[in-house]
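Read through the structure below, which is laid out as structure tokens, and then see the notes.
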There are 2 protein chains.
Amino acid sequence: MSTTGRRRPPTIHDVAREAGVSRGTVSRVLNGGHHVSPASADAVNAAIRKTGYVVNRHARSLITGRSDSVAFLLTEPQERFFEDPNFNVLLRGCTQALAAHDIPLLLVIAGTEAERRRISRYITAGHVDGVLLVSSHSGNPMAERLVKARIPVVACGKPLGQGARIAYVAADDRDGAREMVRHLAASGRRRIATVTGPPDTPGGVERLAGYRETLAEAGLPADERLVAEGDYSRAGGERAMAELLERAPDVDAVFVASDLMAQGALTALERAGRRVPEDVAVGGFDDSPAALGTRPPLTTIRQPWDRISTEMVRVLLGRIAGEDPSAVILPTELVRRDSA
Amino acid sequence: MSTTGRRRPPTIHDVAREAGVSRGTVSRVLNGGHHVSPASADAVNAAIRKTGYVVNRHARSLITGRSDSVAFLLTEPQERFFEDPNFNVLLRGCTQALAAHDIPLLLVIAGTEAERRRISRYITAGHVDGVLLVSSHSGNPMAERLVKARIPVVACGKPLGQGARIAYVAADDRDGAREMVRHLAASGRRRIATVTGPPDTPGGVERLAGYRETLAEAGLPADERLVAEGDYSRAGGERAMAELLERAPDVDAVFVASDLMAQGALTALERAGRRVPEDVAVGGFDDSPAALGTRPPLTTIRQPWDRISTEMVRVLLGRIAGEDPSAVILPTELVRRDSA
DNA sequence: CTGAAAGCGCTTACAG
DNA sequence: CTGAAAGCGCTTACAG
């Protein structure tokens, strides 16, 4: 009569009965099969197939205290992340790396302080085993809170404030910037400007430092009129480039600290009637999908996003397993296209 | 001695003791406060604050059979989704709409058949209460499986195969296409081509239908050389436009069924030395962020993504609460910029 | 309105 | 190797 009704899913008890063993034995098979005779294991596996049994994770989590899932946590206004293709690449990479471990990724966006509070409670309540923290800005209160609550965390990019207590994975920002500026100088440019990231972000600080060092090495004079601050947005890049053009009309190259900002810079240059790369060479940073959408295609510094996400997941899983926080710095690579 | 160790989080039992009531009463306060005296409720709330109690969701889910979370499920190769900015907008909208209900979003990508199988099991195991299904192609085996397993599902875009059994939210594709083609014709274009979406997607079918209808209404002859098939990717759009240029060199306008493909079409036109909009007017579809990154900025049809995501969440929550599947069709809007 | 009690589905020492 | 049993933290009829 009730075959039409929604059948209750089979439990471990049904499997045990079917296999003719105790629930304990079924559980042992489920959890690695140690201390189980081959015959019992076979019987259990057959019973699982026959009944279509799937473990109830809530019950398991209740007793193990683990959720077997991980959060991908964004702690900035969403617009930034969704505008910037880097975000996609990172999210995709982490999703994939986690999937390989059969761990689902919980996407959590905490852009406002109210949201951050709510999410803190959510995470602290044991909903996830660890957090992949994506936030370019330092002094992030979330990181502090999470670390204090003993939640395993690994950040993308070096957290400027937190000291050594938090694990992170980052590209070698400074070295990447140096390579780009060397490339610009090698093509004979002499008035090389830069559009920086925000000064409270590792990319903002390190890429600028690399720029300055390389200028000095090349014997080019430092000129503060050649430095404009951006905010990693396309609009910010456009604004900064316009500023640069006004302050230093003789600029003949610019290193822009992100591809998205470089896209904006290109717009500003076009409006000003400057040809790229003939009049002004433009170098970006990231090698994000944004670099291909521009005209001309962007010469840029590739961040190894695949490796970054893989490493973030690896380190986080290690942290969850009890390992100490570690830092991973990955090398970048110059990608030559047409803009410089 | 043990204050340094990781303190076990407070349970409902601790709260009950603190408040001087039974665990049942605490639970009642937690679940709406019905059948609880104000005095007890106050005592419980005070105890919750004092102990910092947060409900253990695993225990709750075990008994209620609900997870209080929802999956955002992508069932296509990831590249497509991450390449296409529409995806971002949708994901962001759903995340926000869900956050308003305090429901976390689980991002799940099932691009390969193996992944789909794994994810099916995952979802069927009761890990989520419902699924926001994002997949442009029809005949999606996932949808079938989920519906069969009685999982509440709402699709983005009308599922071509599934009939009336699955709820969906979509923009009015046909009407949007008609408006764009009318706009093109109104500007005096006579050789209006189209780059379509895949023929097994609702957008591929409906937007092409709208194109044909409007051409007929405008008294323009149907010419199959003016129809090229795209795949919603930038590269596909570029390819299709090149094809069009070869087959019908006198083309003076093109309606491209997605902004991303339009971006590709622009590249092909530029390579062919055609000016936009002077020689060829280009109209897109979506009003995705891709439409702003082009030169010239794209005239396009806006899909009301905010409303689409809000509605998807609303319908899904309704389904979870037991409502019947419903379909929501939202109006589009012509956005005039410089490309047409 | 409220407490005592059963039970959700699982894991894990504990004995054998 | 394996079963019986306790217990994870919660919710929900059931009596009062």
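The values are calculated or read from the model by the stated rules, or taken from the named source; none is laboratory data. Treat the numbers as computed from the prediction; the structure is a model and nothing was measured. Quick reminder, even Gly has a Cβ in these numbers, built from the backbone with ideal geometry, and neighbours come from all protein chains shown. Protein only, heavy atoms only, side chains kept; ligands, DNA and RNA dropped before computing areas. Shrake-Rupley method; radii C 1.70, N 1.55, O 1.52, S 1.80 Å.
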Answer yes or no as to whether B:G33 is in contact with a helix residue (DSSP H, G or I) (Cβ under 9 Å, 6 or more places away or on another chain), outside the structural domain of B:F285 (by TED's automatic domain parsing), away from DNA strand C (no atom under 16 Å from the Cβ) and part of a loop (DSSP other than H, G, I, E, B).
-> no
Picking from A:G264, A:G210, which residue would you name as being within 14 Å of chain B (Cβ to nearest Cβ), crowded, with 21+ Cβ neighbours inside 10 Å and outside any loop (DSSP other than H, G, I, E, B)?
-> A:G264
Checked region B:10-30 for anything more than 19 Å from B:R57 (Cβ to Cβ) and outside any helix (DSSP H, G or I); matches are B:G20, B:V21, B:S22
If you check every pair at least six apart or on different chains, which have Cβ atoms under 8 Å apart with a residue in region B:191-216 that is acidic (D, E) first and a residue that is open to solvent by 10 Å² or more (accessible area, probe 1.4 Å) second?
-> B:D200/B:H137; B:D200/B:S138; B:D200/B:G139; B:D200/B:L160; B:E206/B:D173; B:E206/B:R174; B:E213/B:R174; B:E213/B:R178
Residue check for A:Y232: in a loop (DSSP other than H, G, I, E, B), among the aromatic types (F, W, Y), open to solvent by less than 50 Å² (accessible area, probe 1.4 Å) and in contact (Cβ under 8 Å) with a residue 24 or more places away in the chain = yes
Within region A:81-102, of all residues that are more than 18 Å from B:A71 (Cα to Cα) and either among the hydroxyl-bearing types (S, T, Y) or open to solvent by 60 Å² or more (accessible area, probe 1.4 Å) (or both), the one nearest to the other protein chains (Cβ to nearest Cβ) is A:E83
Subset of region B:56-68 (residues that are open to solvent by 30 Å² or more (accessible area, probe 1.4 Å) and more than 9 Å from DNA strand C (Cβ to nearest atom)) = B:N56, B:R57, B:R66, B:D68
One residue from A:G273, A:G203 being part of a loop (DSSP other than H, G, I, E, B), outside the structural domain of A:D84 (by TED's automatic domain parsing) and either on the phi > 0 side of the Ramachandran plot or surrounded by 18 or more Cβ atoms within 10 Å (Cβ to Cβ) (or both) | A:G273
Counting only residues in region B:8-58 that are more than 12 Å from DNA strand D (Cβ to nearest atom) and among the basic types (K, R), the one farthest from the other protein chains (Cβ to nearest Cβ) is identified as B:K50
Give the residues of region A:62-78 that are touching a residue at least 24 places away in the same chain (Cβ under 8 Å) and either within 9 Å of chain B (Cβ to nearest Cβ) or within 13 Å of DNA strand D (Cβ to nearest atom) (or both), sorted by residue number.
-> A:G65, A:R66, A:S67, A:S69, A:A71, A:F72, A:Q78
Give B:F87, B:F72, B:F82 a once-over and let me know the one that is closer than 20 Å to B:G130 by Cβ, of a type outside the set (V, I, T) and at pLDDT below 90.
-> B:F87
Go through A:A71, A:A46, A:A99 for me and flag whichever is closer than 30 Å to B:D84 by Cβ, more than 12 Å from DNA strand C (Cβ to nearest atom) and over 14 Å from the mean Cα position of the chain (by Cα).
-> A:A99
Of all residues in region B:114-162, which are in contact with a His (Cβ under 9 Å, 6 or more places away or on another chain) and more than 10 Å from chain A (Cβ to nearest Cβ)?
-> B:L160
